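The structure appears below as structure tokens.
The values are calculated or read from the model by the stated rules, or taken from the named source; none is laboratory data. No experiment lies behind these values; they were computed from the predicted model shown. We place every Cβ from the backbone using ideal geometry, glycine too, and count neighbours over all the protein chains shown.
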């Protein structure tokens, strides 16, 4: 059994490749851990194991209480077992489990954005350099010059689950939203490009404080109590306080862009969009989130045949059979325009 969490990726048994009746022997991150009891009152463990390619359900029926005491959620464990099928999904019955010492290799256990962060950052800066309004450009430059902010912004996820929920996801999502904002402003002349692009850059900055990503992605205490929308507005005000002569009416518009980008109260939006750029930003953000999240759901789906497993968020099955001659997304190079680009529901 492997017990080294830092071993290379060449011989790691990826979750996406595990099939029914396979013997499983490898190291995986414990996403979830729950103790239950059978009808006879015997304890058992239900686990969700993961690597960067997906998640896998697992059961421990024997010696569950003792084994449970050896590890916690967020730990890496070495497991052996047999893959079976339960209600149409692959599930591993674990026969042996051992906690793993040492630093977890992020290249194995944590999904990362498919594009190089330096290239994404360069592309984002190129778009932002096109902002002509002096006040908004100074504001954006203050964020870009903040090394602590940029360091976290490059690595942060955009969500815990579903859309861009991986290291570098916030940068990927922000770049995508800025690109779409630039395109939309070119298509609809009534939109103020500078205002829309600035809002696109700032709309999710609160995510760097809402989520922790030094291990498994989860909410910070501040994130659970306050949320990224309010945190982002506070971060905006902090930067505005250092800018002399910044027009108050423009500051109010920027605050509204951040506070209304979720669109509806039901999606956690303190305000609903009340001018064109705010409405456009909400639509772009929602589109990018849904496209990324749905694409990832379909790529990771393990159902045989042309249809995915039932998606509870959308309340439907999805048709995943590709057009003849269309390349498999797994074979695309990172950064390919036809590959995974951008997003689902508010997070």
In segment 147-165, anything touching a strand residue (DSSP E or B) at 6+ places or on another chain (Cβ under 7 Å) and surrounded by fewer than 20 Cβ atoms within 10 Å (Cβ to Cβ) is listed as 155, 160
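Can you say whether residue 48 is touching a helix residue (DSSP H, G or I) at 6+ places or on another chain (Cβ under 8 Å), surrounded by 16 or more Cβ atoms within 10 Å (Cβ to Cβ), closer than 24 Å to residue 218 by Cβ and at pLDDT below 95, as far as the supplied structure shows?
No; evaluated as a whole, the condition is false for this residue.
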Residues 290, 300: which one is at pLDDT 90 or above and either within 21 Å of the chain's Cα centre (by Cα) or in the same structural domain as residue 184 (by TED's automatic domain parsing) (or both)? 290
So, in segment 90-146, of the ones that are touching a strand residue (DSSP E or B) at 6+ places or on another chain (Cβ under 6 Å) and part of a helix (DSSP H, G or I), which residue ends up farthest from residue 156 (Cα to Cα)? 108
Note on segment 98-124: residues touching a helix residue (DSSP H, G or I) at 6+ places or on another chain (Cβ under 9 Å) and within 26 Å of residue 212 (Cβ to Cβ) are 111, 112, 113, 114, 115, 117, 118, 120, 121, 124
So for segment 199-207 (the condition being over 16 Å from residue 285 (Cα atoms) and outside any helix (DSSP H, G or I)), does at least one residue qualify? no
